[in-house]
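Just so it is clear, none of the values below were taken in a lab; they were calculated from the coordinates. The model shown is predicted, which means the values in this text are computed figures rather than measured ones. Because the Cβ atoms are built from the backbone with ideal geometry, glycine has one as well, and the counts that use them run over all protein chains shown.
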Amino acid sequence: MSDDDDGDDSGEGERRVARRDAAVRAAVAQGLLGPGTPVLALLDVTGIRESAAALRTAFAAVTAPGTPVLHAFAVKACPLVPVLRLLRDEGIGAEVASPGELALARAAGVPAERTVLDSPAKTPEELREALALGVAVNADSAQELDRLDGLLRSTRTVSPLGVRVNPQVGGGSIEALSTATATSKFGVALRDEGAREWLVRACLDRPWLTRLHVHTGSQGIAPARMAEGVAAVYALAEEINGRAGRRQVDTVDIGGGLPVNFASEPTTPTCREYARALRAAVPGLFGGRYGLVTEFGRSLLAKHGTVVARVEYTKSAGGRPVAVTHAGVQVATRTVYAPDAWPLRIAAYDGAGRPKEGPPVVQDVAGPACFAGDLLATGRALPRLGQGDYAAALDTGAYYFAQHYAYNSLARPGVFGFGPAPDGGVGFAVVREAQSVAEIVAEAGGGHANALVLPEPG
């Protein structure tokens, strides 16, 4: 692709579809999918590697030579240790927001110096651990800065320390994912009365504050709005450094949140487009005076995950066909509860795992949970699904099967990575074992069955 080309290479999408189709067919042939294992999650290892490479290349093309750049994957998007390890090996660090996510990153071998801790509710224990390890920390509030003041009086650390700024540039089409609104819970609100001067003074009084962090939002946020947020925080960094008479703020963490195209196969917008848009909007940020941190999550993984579910039964209601599958609210929680904001594409496969053929028929694709709204898709035109066929929920590599919702005590599905096998076919690797019924019972207090039973009187 030439430097003037933008967007998703159509060949990339075609190759991704071909890999996915081959993986579904191989999963059935190898017995990973079938009557005894009616739902499975698949991750395209080749696609993940390509996304990581595209991210690195996109920002390398717009930054001055020698600029320190850390791409830290937002662990919340896919908190699976083998995924974090794969990304680590592809040059991607970790952005964590809880003790659990930090533990996952460490288990994956992500170095402390390539890890960033963001959270609006860090406890003293969490902060002590991060400072001891040398993990970068972005304070989310004035009170957290006060807490860091106290900890640093008795703690030596190499952790880079910053403060998160809410640029208050507005939201997007999904309110719950808009983190730069006037009343967002995240960061220090830049445009509130007196806040800008407070932020400048807070940094000048703390020479160890060397970073500013901004995250304008996620899905539903236009890249232009994201660039506006980055520009606002860059201007604040310039003001702080000008007032300090030195380069105190040396790194800007621009967050992540690049939206994903869930409507069709192409990857749009691309990280290449976004990096160029940022350079055009904030050229000073890319001249080498500032290091950069990014925190992309969904945009790295979404296109490379697929949930495949067996059609257990079919029926008709009100004249419309319904395919009842084993994937619903437990894996696609956002889609089930907010279908307008989170629609998913569905691909139909026959009982052998081959793409289903036939004229499109308007039908519902339902999940197994016991409530009427458990639907992966409503009124969707697909080749008619029959008993024993498979329905695949596409673009589910982030925020879907890795965040299980235990409605009806439905088991977490197994997760398998796939890639080319030595014999030219498809090979699979276990990422996470399917949850057993015994594990469900144990998590539900099965070992404490008598805990609430009062002893007999007398």
Inset, instruction - Mind ranking 254-262, 275-283 by how tightly packed they are, going by the mean number of other C-beta atoms within 10 angstrom, highest first? - result: 254-262, 275-283
Legend entry - Value of relative contact order over the chain, rounded to a whole percent, pairs C-alpha under 8 Å and six or more apart: 18
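Classify the stretch 303-437 from the C-alpha gyration tensor, please: rounded if a/c falls under 1.5, else prolate or oblate depending on whether a/b exceeds b/c.
The shape class here is oblate.
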Inset, instruction - Pop a pseudo-label 7 angstrom from the Cα along the beta-carbon direction at both residue 316 and residue 372 and give the gap in nm to one decimal. - result: 2.1
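Quickly rank 285-297, 141-153 as a protection proxy: mean count of other C-beta atoms within 10 Å, highest first. Could you put the intermediate results ahead of the total?
Details: 285-297: 20.6, 141-153: 14.7.
Result, highest mean Cβ count within 10 Å first: 285-297, 141-153.
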Legend entry - Amide H contacts under 5 Å for residue 117, placed H, 5+ residues apart: 96, 136, 137, 138
Legend entry - HN-Hα J in Hz across the stretch 140-147 - Karplus 6.51, -1.76, 1.60, θ = phi - 60°, x for Gly and Pro: 9, 7, 4, 5, 5, 4, 4, 5
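Using Cβ counts within 10 Å as a stand-in for footprinting exposure, how do 299, 264 rank, fewest first?
Working: 299 26, 264 12.
Going from least to most buried by this count: 264, 299.
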Inset, instruction - Please turn the phi angles of the stretch 256-261 into ³J(HN,Hα) values with the Karplus equation 6.51 cos²θ - 1.76 cosθ + 1.60 (θ = phi - 60°), one per residue in order, whole Hz, x for glycine and proline. - result: x, x, 4, x, 10, 7
Legend entry - Residues whose placed amide H lies under 5 Å from that of residue 159, excluding near-sequence neighbours: 134
Legend entry - Cα gyration tensor shape for the stretch 1-157, rounded if a/c is under 1.5, else prolate or oblate: oblate
Legend entry - Helix 10-29 vs. the chain, principal-axis angle (Cα, 0 to 90°, nearest 10): 50
Legend entry - Those residues of the stretch 399-415 whose amide nitrogen sits under 19 Å from the label point placed on residue 345, 7 Å along Cα→Cβ: 399-401
Inset, instruction - Please determine, in degrees from 0 to 90 and to the nearest 10, the orientation of helix 223-244 with respect to the longest principal axis defined by the Cα atoms of the chain, where the helix direction is its Cα long axis. - result: 20
Inset, instruction - May I ask you to list the lysines whose Cα is less than 24 Å away from that of residue 303, ignoring any residue fewer than eight positions away on the same chain? - result: 76, 356
Inset, instruction - Using the Cα centre as the reference, give the magnitude of the dipole from point charges on the C-beta atoms of the chain (Lys, Arg: +1; Asp, Glu: -1; all else neutral), rounded to the nearest 20 debye. - result: 240
Inset, instruction - Pop out the ³J(HN,Hα) list for the stretch 382-396 in order, Karplus 6.51 cos²θ - 1.76 cosθ + 1.60 with θ = phi - 60°, rounded to Hz; leave Gly and Pro as x. - result: 9, x, 4, 7, x, 4, x, 6, 10, 10, 10, 8, 8, 6, 10
Legend entry - residue 85-residue 200 pseudo-label distance in nm [points 7 Å out on the Cα-to-Cβ vector]: 5.0
Inset, instruction - Which order do the peptides 69-79, 423-433 take when ranked by the mean count of other beta-carbon atoms within 10 Å per residue, highest first? - result: 69-79, 423-433
Inset, instruction - Could you compute the FRET efficiency for residue 222 and residue 243, with r as their C-beta to C-beta distance and R0 at 25 Å, rounded to 0.05? - result: 0.20
Inset, instruction - Name the long-range amide H neighbours of residue 74: under 5 Å, sequence gap of 5 or more, or other chain; modelled H, no Pro or chain starts. - result: 95, 296, 297
Inset, instruction - Please give the helix 124-133 orientation as an angle from the longest Cα principal axis of the chain, in degrees from 0 to 90, rounded to the nearest 10. - result: 80
